[in-house]
1. Assuming residue 129 fulfils every condition listed in (1) within 30 Å of residue 62 (Cα to Cα); (2) without any contact (Cβ under 8 Å) to a residue 24 or more places away in the chain; (3) touching a helix residue (DSSP H, G or I) at 6+ places or on another chain (Cβ under 8 Å) apart from one, which condition is it?
2. Find all pairs meeting these conditions: Cβ atoms under 6 angstrom apart; at least six residues apart or on different chains; first residue within the stretch 272-293 and in the same structural domain as residue 82 (by TED's automatic domain parsing); second residue more than 15 Å from ligand 1 (Cβ to nearest atom).
3. Taking residue 262, is it more than 23 Å from residue 143 (Cβ to Cβ), buried (at least 17 other Cβ atoms within 10 Å of the Cβ) and within 16 Å of ligand 2 (Cβ to nearest atom)?
4. Could you figure out which of (1) touching a residue at least 24 places away in the same chain (Cβ under 8 Å); (2) under 21 Å from the mean Cα position of the chain (by Cα); (3) outside the structural domain of residue 70 (by TED's automatic domain parsing) isn't true of residue 211?
5. What helices (runs of 4 or more DSSP H), lying completely within the stretch 36-137, carry at least 2 residues that are over 25 Å from the mean Cα position of the chain (by Cα) and crowded, with 18+ Cβ neighbours inside 10 Å?
6. When you look at residue 144, is it under 13 Å from the mean Cα position of the chain (by Cα) and closer than 26 Å to residue 282 by Cβ, yes or no?
7. Determine if the stretch 155-163 includes at least one residue that is buried (at least 17 other Cβ atoms within 10 Å of the Cβ), more than 9 Å from ligand 2 (Cβ to nearest atom) and in a loop (DSSP other than H, G, I, E, B).
Ligand code: HEM
Ligand code: HEM
């Protein structure tokens, strides 16, 4: 496994944690600033009733065929297209694997495919009429399903190149916490057993509903970590040591949860693809018709 990872990682542009954080924060900042700006400069127009808009001083600029409004539609659509096709290309073509991890490309997909729909929303001037409204609502469905898909996606452990790991491989990621405790600290036998046992939860007992199961586990894990901290304190470990061991135990519990949910999540993700893709297709096809119609009607934007 390790050999595979290090060999592969040589071929990837790997960002440092800081660079990655800047990458993500820039995306989030851009999305927030653009949305705030569009609201700020259009709020008086968008909140005017449809009949009165015609007389609004910004009507010529902000209506869907106005210089700005039309521009938002074009730029937004281009962003979505770039976001979709670069991601699909990155997944499909091997030569692109050298240009960064799949994870970064997915983040870029999410960035462009969030910013694009926001611009398109302002393009419609919050007026969703005609056949193109099907495209609009499909877009809303794709974005909403994207958020759900992202949640499922991060639940499935992956290799660096973004391939889903098998159950076997995920089990291999578990650290040997017992050996670590024995080598590093002098815990009494009872405490040692108790800490070790806390990381060996049997999930078979807990065949509850997925959502309530996740919530219940979340609180159970918090309790477990608190209990482990108590045991370590009793054994006289220092603050940093307690935090270190608690973190290890926390990682183990998180991994246990992932192993427990792996099959369910893999199944869910398969079904999810079946929803995300068709909505994306409906959106794109009707959008092409919409653009064709507007061009046929003589709208040319600034050209
Ligand atoms: C997914 C992308 C898009 C969506 C969901 C969308 C949606 C809409 C909606 C809801 C309207 C308002 C319809 C109405 O007034 O009742 C509209 C109007 C318009 N759209 Fe789009 N649009 C998209 C992309 C584009 C693009 C790329 C262009 C240009 C190349 C464009 C050009 C126009 C024009 C010119 C109008 C005004 C039509 C008129 O006033 O009759 N749209 N669009
Ligand atoms: C209009 C907006 C969007 C469109 C048209 C769109 C379209 C697509 C397409 C065509 C794929 C490739 C599917 C495949 O490989 O089978 C995809 C994958 C994906 N998208 Fe989107 N998407 C949009 C927005 C979003 C958003 C907002 C998110 C997250 C918040 C998101 C999350 C994902 C995820 C997690 C994947 C799967 C990645 C994988 O399996 O490798 N998408 N999207």
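1. Going through the list (1) within 30 Å of residue 62 (Cα to Cα); (2) without any contact (Cβ under 8 Å) to a residue 24 or more places away in the chain; (3) touching a helix residue (DSSP H, G or I) at 6+ places or on another chain (Cβ under 8 Å), residue 129 breaks only (3).
2. Pairs found: 272/149; 272/152; 275/145; 276/145; 276/149.
3. For residue 262, the condition - more than 23 Å from residue 143 (Cβ to Cβ), buried (at least 17 other Cβ atoms within 10 Å of the Cβ) and within 16 Å of ligand 2 (Cβ to nearest atom) - is met.
4. (1)
5. 67-92
6. Considered against the rule, which asks whether it is under 13 Å from the mean Cα position of the chain (by Cα) and closer than 26 Å to residue 282 by Cβ, residue 144 comes out as yes.
7. Yes, there is a match, as at least one residue in the stretch 155-163 is buried (at least 17 other Cβ atoms within 10 Å of the Cβ), more than 9 Å from ligand 2 (Cβ to nearest atom) and in a loop (DSSP other than H, G, I, E, B).
Per-residue answers, yes or no, for (1) closer than 21 Å to residue 196 by Cβ; (2) within 16 Å of ligand 2 (Cβ to nearest atom); (3) modelled with pLDDT of 85 or more:
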residue: 239; (1), (2), (3): no, no, yes
residue: 255; (1), (2), (3): yes, no, no
residue: 273; (1), (2), (3): no, yes, yes
residue: 282; (1), (2), (3): no, yes, yes
residue: 297; (1), (2), (3): no, no, yes
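The values are calculated or read from the model by the stated rules, or taken from the named source; none is laboratory data. Because the structure is predicted, anything quoted here is derived from the model rather than measured. We place every Cβ from the backbone using ideal geometry, glycine too, and count neighbours over all the protein chains shown.
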